[in-house]
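This report refers to the structure that appears directly beneath it.
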There are 2 protein chains.
Amino acid sequence: MKLTILGCYSATPRALTNTTSQVLEINNHMFLIDCGEGTQVELRKHKIKFNRIKHIFISHLHGDHFFGLVGLISTFRLLTRETELHIYGPKGIKEVVTLQMKLADSWTNYQLIFHELTSENSELIFEDEEVEVYTIPLNHRIYTNGYLFKEKEGNRKLDINLVEEANIHMAYYRKLAQGFDVTNNDGILIKNETVTKAGVKPKSYAFCSDTMYKEDIVPIIKNVDVLYHESTFLEKHAHLAPRTKHSTAKEAASIAKQANVGTLLLGHYSTRYDGLNLFKEEAQEVFENVELCEDGKTFNF
Amino acid sequence: MKLTILGCYSATPRALTNTTSQVLEINNHMFLIDCGEGTQVELRKHKIKFNRIKHIFISHLHGDHFFGLVGLISTFRLLTRETELHIYGPKGIKEVVTLQMKLADSWTNYQLIFHELTSENSELIFEDEEVEVYTIPLNHRIYTNGYLFKEKEGNRKLDINLVEEANIHMAYYRKLAQGFDVTNNDGILIKNETVTKAGVKPKSYAFCSDTMYKEDIVPIIKNVDVLYHESTFLEKHAHLAPRTKHSTAKEAASIAKQANVGTLLLGHYSTRYDGLNLFKEEAQEVFENVELCEDGKTFNF
């Protein structure tokens, strides 16, 4: 699981900082999460192959999270993309994109499929053999979802010595990998766990931005390996957090602790601050394993 | 008159090149012309004061000319702008901007005034004491206007020795500057041109992008000091020009020659080419005084 931070600041793109966008590589998928203005240029800078992006998840329709989307869709067209593209985001996202295409009298030559979200409850919005994606309903000024990306339980690993000792026919190896008990050549039932062990532990990543402190999300993101939680403010501006429906670094840490996550990533910093160290320090008063997002940084988990 | 090229490439923003946007400083006005994605960052890089921009002219609704507009409008709001902002552009521009504000549930705290254009004829769209702006109807795949910026004839310059010799009362100096004949202290009519000379010659700038070769614009832009004319293609791709409704460098030069302009600026280069020198060379076969736009370049006229 590899996460590339294309942008992690709030409000407006500036000469040296970008607004929210991330690329999550998980099990051969390349998911784009949020798409602030200039995201397509950041994708180029990081040499991320445009065609590998087949799913884009937009948290909410504030400009710093989606003003780069229509440009990216349009660039895909100019590059004569043929691969279909799925867009997940709040209701309205389809209208705003299609209106701009209509005004430009230009339509995509690839399939553009919108999945508009309206539910206030967490729901499964994507699933294939390896990965599931769920929404995480957040509490912001407008309808907003975070996203939970979960690898599915992988195949169990066969202990080939034990399997042969148990006299199991090769035709059953696949069933064993899938976790089933099987019958051996002598007609005896062999319990799966006596000849296999757990495969690679599946990874999970939760993206939570923008939101005020919301304990309701804890059960949804319980035990995730990595949690990105917005931390717009430091403690000295904590009074601004509920008013603007954002969080402080300490509140993000509190959610991380309650959810028992592996690592907490902070981001969506207000551009009023000069440095980032205090974000980490304040969060670590509550939860130890904190990392700071920075534009261009890559995390491997 | 000072022109700053924020971006001058066609199609899509890339790591080192930007799509169309220019800032024209003329007579204390700061006009923004077109606004591709990322324009707000380029404005910051050039330290152009956001508040000085009161008028934005959008040629047409292709993304490489206007995908940066909504972000800029939104950033103005975040910076608590109070100065009113006028947007000139094709019909539809208001709908696309206001839809995005509606979805974000955020409205400008400054006056945002749209001037939607639909005419196929050149029309006066802005005028104050010093400057006039006219549309230049172009021929592109969708409704498109260029813009003609003209300083008005300035005040005449008084020759103070001649004025005193002519025994003219000071109360009439302003009338003289405005070009009127006046009566002196002895009741004699003094012809204006005998005691004044012409003021600074008014400057003019024509922006023409995107368009295929269109001779009809020649009378509108006749004798301008500076003409920016798109030159998407070199001669070897001349066959693509009419099909995509763009121009070659040579066609831009032909328009410049017929209109007897002072300087021709080329831009809106296709991103298929590695260098720009051939654009200048091919244009100069037709018209001598050619300059190449490049991102970040400033021209003083």
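The table below gives the values:
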| item | result |
| --- | --- |
| Tally of residues being surrounded by 18 or more Cβ atoms within 10 Å (Cβ to Cβ) and among the polar types (S, T, N, Q) across region A:140-174 | 2 |
| A:Phe180 being surrounded by 15 or more Cβ atoms within 10 Å (Cβ to Cβ), of a type in the set (A, V, I, L, M, F, W, C) and away from every other protein chain (no Cβ under 14 Å) | no |
| Region A:79-94, subset surrounded by fewer than 20 Cβ atoms within 10 Å (Cβ to Cβ) and touching an Asp or Glu at 6+ places or on another chain (Cβ under 9 Å), residue nearest to the other protein chains (Cβ to nearest Cβ) | A:Gly92 |
| Candidate set: region A:19-54, residues that are in contact (Cβ under 8 Å) with a residue 40 or more places away in the chain and closer than 22 Å to A:Lys245 by Cβ; chosen: the one nearest to the other protein chains (Cβ to nearest Cβ) | A:Thr19 |
| Search result, residues across region B:58-71 that are more than 8 Å from every other protein chain (Cβ to nearest Cβ) and either in contact with a Leu (Cβ under 8 Å, 6 or more places away or on another chain) or not in a helix (DSSP H, G or I) (or both) | B:Ile58, B:Ser59, B:His60 |
| Residue within region B:99-110 that is within 12 Å of chain A (Cβ to nearest Cβ), on the phi < 0 side of the Ramachandran plot and either hydroxyl-bearing (Ser, Thr, Tyr) or outside any helix (DSSP H, G or I) (or both) present | yes |
| Residue within region B:114-123 that is in contact with a strand residue (DSSP E or B) (Cβ under 9 Å, 6 or more places away or on another chain), in a loop (DSSP other than H, G, I, E, B) and outside the structural domain of B:His246 (by TED's automatic domain parsing) present | no |
| Positions within region B:201-223 being in a loop (DSSP other than H, G, I, E, B) and surrounded by fewer than 21 Cβ atoms within 10 Å (Cβ to Cβ), in sequence order | B:Lys201, B:Pro202, B:Lys203, B:Met212, B:Tyr213, B:Lys214, B:Lys222, B:Asn223 |
| Sole residue being open to solvent by less than 40 Å² (accessible area, probe 1.4 Å) and without any contact (Cβ under 8 Å) to a residue 60 or more places away in the chain, chosen from B:Ser231, B:Ser270 | B:Ser231 |
| Qualifying residue in region B:238-255 (condition: open to solvent by 70 Å² or more (accessible area, probe 1.4 Å), out of contact with any His (no Cβ under 6 Å at 6 or more places or on another chain), polar (S, T, N, Q) and in contact (Cβ under 8 Å) with a residue 12 or more places away in the chain) | no |
| Members of region A:145-198 found to be touching a residue at least 40 places away in the same chain (Cβ under 8 Å) and part of a loop (DSSP other than H, G, I, E, B), listed by number | A:Lys152, A:Glu153, A:Gly154, A:Asn155, A:Arg156, A:Ala198 |
| Selection from region A:183-225 of residues that are within 19 Å of A:Leu148 (Cα to Cα) and among the hydroxyl-bearing types (Ser, Thr, Tyr) | A:Ser204, A:Tyr205, A:Ser209, A:Thr211, A:Tyr213 |
| Residue within region A:29-50 that is modelled with pLDDT under 95, buried (at least 18 other Cβ atoms within 10 Å of the Cβ), farther than 22 Å from A:Ala206 by Cβ and assigned by TED's automatic domain parsing to the domain that holds A:Glu294 present | no |
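Here's the yes/no breakdown for (1) crowded, with 24+ Cβ neighbours inside 10 Å; (2) in contact with a helix residue (DSSP H, G or I) (Cβ under 8 Å, 6 or more places away or on another chain):
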site: A:Thr4; (1), (2): no, no
site: A:Cys8; (1), (2): yes, no
site: A:Ala15; (1), (2): no, yes
site: A:Gln22; (1), (2): yes, no
site: A:Glu25; (1), (2): no, no
site: A:Arg52; (1), (2): no, no
site: A:His62; (1), (2): yes, no
site: A:His65; (1), (2): yes, no
site: A:Phe76; (1), (2): no, yes
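The values are calculated or read from the model by the stated rules, or taken from the named source; none is laboratory data. All values reported here derive from a predicted model rather than from experimental measurement. For neighbour counting, all protein chains shown are included, and Cβ atoms are generated from backbone atoms with ideal geometry for every residue, glycine included. Each accessible area value is taken on the protein alone, full model and side chains, heavy atoms only, with ligands, DNA and RNA left out. Shrake-Rupley method; radii C 1.70, N 1.55, O 1.52, S 1.80 Å.
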